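What follows is calculated from the coordinates using simple rules that are stated; it is not laboratory data. None of these values were measured; they are calculated from a predicted model. Cβ atoms come from the backbone with ideal geometry, glycine included; neighbour counts cover every protein chain shown.
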Amino acid sequence: MASFRAGTARASITPWLRPGYAQWRDADARHDIHDELYAKAIVLENDSTSIAIVVCDLGELLEEDMLQAKHLAARLTGIPESHIFISCTHIHSGPATLGALGSQQDSIYMSTVAERIATAVVLAQNRLRPAEAGWASTSVPNETFNRRIRLRDGTIRNNFALSYQDPRAVEPAGPIDPELALLVLREPGGDPIALLASYSLHYMGALGDPGPAYSADYFGYFDRALQRLAGRELVGIMANACSGDANQIDIWHPKDELPHFWYQAERVANVLAGAAYSAWQGLRRFEYDSDPVLAAHTERAIWQRRQPTQGQLERARALLAGKAALDGEPRLRPWEFPQWELVYAEEILLLDKEPLQQSHPVMAMRVGDLAIFGLPGEAFVEYGLDVKARSPFKHTMAIELANGYSTYLASNRALSQASEDDNSYDTHMARSSCATPGTQSAFVEAALRALQAVASR
């Protein structure tokens with residue numbers, strides 16, 4: 001008799017104070033919760049193996065913070081730390097979980113987040129019941145756009161720095177990944193338990209600053225839309241696939257007039273939930289596995305960060321000391337706003353203090369014939385496309401910002417397009433953007449090793 005069981009749960013991780021974009025912004029009279037932030041957990045087990053997958057409505061978490069959550073969850077549930085997979089959705093309407101680009105980490109919030117994440121895993125384990133798993137994939141090509149745009153003068157700019165139908169824009173400077181990948185869990189022949197989806201699309205907040213309200217962004221809207229379609233309770237989880245250079249801004253057509261700030265997030269979530277529901281309902285009974293193999297394996301990607309030049313370091317020190325900029329040195333900001341030059345000056349000095357050689361985890365999990373791999377950063381689309389094309393599994397799901405945080409994982413293509421005077425935010429040098437040529441190979445090869453390891457189980 002099959003012993004496969006599944007459980008799922010949400011645990012609130014909504015904080016009280018919210019720092020805003022690159023500055024502290026405490027709660028004020030307008031402070032609000034647009035919708036709750038959650039850690040959404042799935043626990044799967046059979047007679048020999050238990051695994052847990054958690055997706056958090058947070059911007060990102062450092063590896064040490066995720067390890068703290070894994071350690072606590074493992075102690076409370078008995079699931080090995082090495083079998084717990086945690087990722088973040090990269091919302092921008094939440095707490096500061098690390099220091100970057102002028103923001104300070106919210107240490108008060110961070111003192112509680114590991115316990116809240118572990119709570120989701122404990123609750124999911126408490127709700128284990130007989131289950132079967134299915135996996136599906138569909139294409140949604142019209143809701144994701146490569147945000148790096150090649151201009152007529154040959155330079156690269158991000159689409160959020162351009163106008164709609166900008167006459168300077170020629171073409172996207174990178175690919176998109178239209179795949180919507182799904183893991184479906186249900187009671188044998190019956191009610192749904194959870195659905196885990198992965199899609200290559202940055203958060204919706206690029207349309208502007210939502211003010212001091214917390215929101216899970218389109219990831220929260222997806223959960224609610226899926227439940228409406230199903231007509232019953234389940235946990236609908238949307239994770240980020242490799243989307244470091246992808247967003248929802250379609251500059252190639254006229255700008256839509258949006259009736260409210262969250263309209264686009266809600267609309268796109270409805271589209272994706274509809275596509276997910278259709279693919280889910282397309283699964284026939286024999287396509288569900290009542291005894292899937294479960295496995296997990298982690299490799300380390302070793303890579304080298306960017307090194308500021310002596311001239312860049314001198315310019316940064318001069319700017320922060322209130323002195324004039326050095327002649328002949330490129331500016332230290334990716335946008336036209338002067339205040340960002342000081343932010344990036346500080347970033348370059350902080351980056352210079354970090355170890356030149358970096359090491360980060362790359363994790364793979366197996367649920368039957370579906371493989372899931374996680375990259376610990378904002379990985380450009382090409383990372384996911386490369387791994388999936390070479391995966392030993394027919395069905396492979398990509399999830400970024402998983403099990404740690406590294407940096408923007410720029411592709412080799414993007415790095416070859418960049419210059420020292422780069423106008424593209426996602427390759428402009430900072431702690432959050434410090435990949436070098438060879439970084440893509442380091443992470444892709446680590447992912448493939450991890451996938452081969454779980455394929456052999």
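Residue 410: within 21 Å of residue 354 (Cβ to Cβ), buried (at least 24 other Cβ atoms within 10 Å of the Cβ) and not basic (Lys, Arg), yes or no? I'd like the intermediate steps shown before the answer.
Values: within 21 Å of residue 354 (Cβ to Cβ): yes; buried (at least 24 other Cβ atoms within 10 Å of the Cβ): yes; not basic (Lys, Arg): yes.
So residue 410 passes the test.
Could you please find all residues in region 90-109 being touching a residue at least 24 places away in the same chain (Cβ under 8 Å), of a type in the set (Gly, Ala, Ser) and part of a loop (DSSP other than H, G, I, E, B)? Quick ask: steps written out before the conclusion?
The first filter runs over region 90-109 and keeps only residues touching a residue at least 24 places away in the same chain (Cβ under 8 Å), leaving 90-98, 100-104, 106, 108-109.
Imposing the further condition that a residue be of a type in the set (Gly, Ala, Ser) reduces the set to 93-94, 96, 100, 102-103.
Across region 90-109, the qualifying residues are 93, 94, 96, 102.
Counting only residues that are in contact with a helix residue (DSSP H, G or I) (Cβ under 6 Å, 6 or more places away or on another chain) and within 26 Å of residue 292 (Cβ to Cβ), which one in region 120-175 is surrounded by the most Cβ atoms within 10 Å (Cβ to Cβ)?
121
Of everything in region 68-107 that's among the polar types (S, T, N, Q) and farther than 25 Å from residue 236 by Cα, which residue is surrounded by the most Cβ atoms within 10 Å (Cβ to Cβ)?
So the first thing to find is which residues in region 68-107 are among the polar types (S, T, N, Q), and the list is 68, 77, 82, 87, 89, 93, 97, 103-105, 107.
So of that shortlist, the ones also farther than 25 Å from residue 236 by Cα come out as 68, 103-105, 107.
On the way: 68: 18, 103: 20, 104: 12, 105: 16, 107: 9.
In this case the residue turns out to be 103.
Output the number of residues of region 370-412 satisfying the condition of being part of a helix (DSSP H, G or I) and out of contact with any Phe, Trp or Tyr (no Cβ under 8 Å at 6 or more places or on another chain).
First, the residues of region 370-412 that are part of a helix (DSSP H, G or I): 381-390, 412.
Still in the list and also out of contact with any Phe, Trp or Tyr (no Cβ under 8 Å at 6 or more places or on another chain): 381-382, 384-386, 388-390, 412.
Number of matching residues: 9.
Just one of 183, 201, 258 is part of a loop (DSSP other than H, G, I, E, B) and surrounded by 15 or more Cβ atoms within 10 Å (Cβ to Cβ); which is it? Walk me through how you get there before you give the answer.
Working: 183 fails: part of a loop (DSSP other than H, G, I, E, B); 258 fails: surrounded by 15 or more Cβ atoms within 10 Å (Cβ to Cβ).
Result of the check over 183, 201, 258: 201.
Would you check if there is a residue in region 249-258 being within 19 Å of the chain's Cα centre (by Cα) and in contact (Cβ under 8 Å) with a residue 24 or more places away in the chain?
We begin by selecting, within region 249-258, every residue within 19 Å of the chain's Cα centre (by Cα); these are 249.
If we keep only those that are in contact (Cβ under 8 Å) with a residue 24 or more places away in the chain as well, we get 249.
Yes, that holds for at least one residue.
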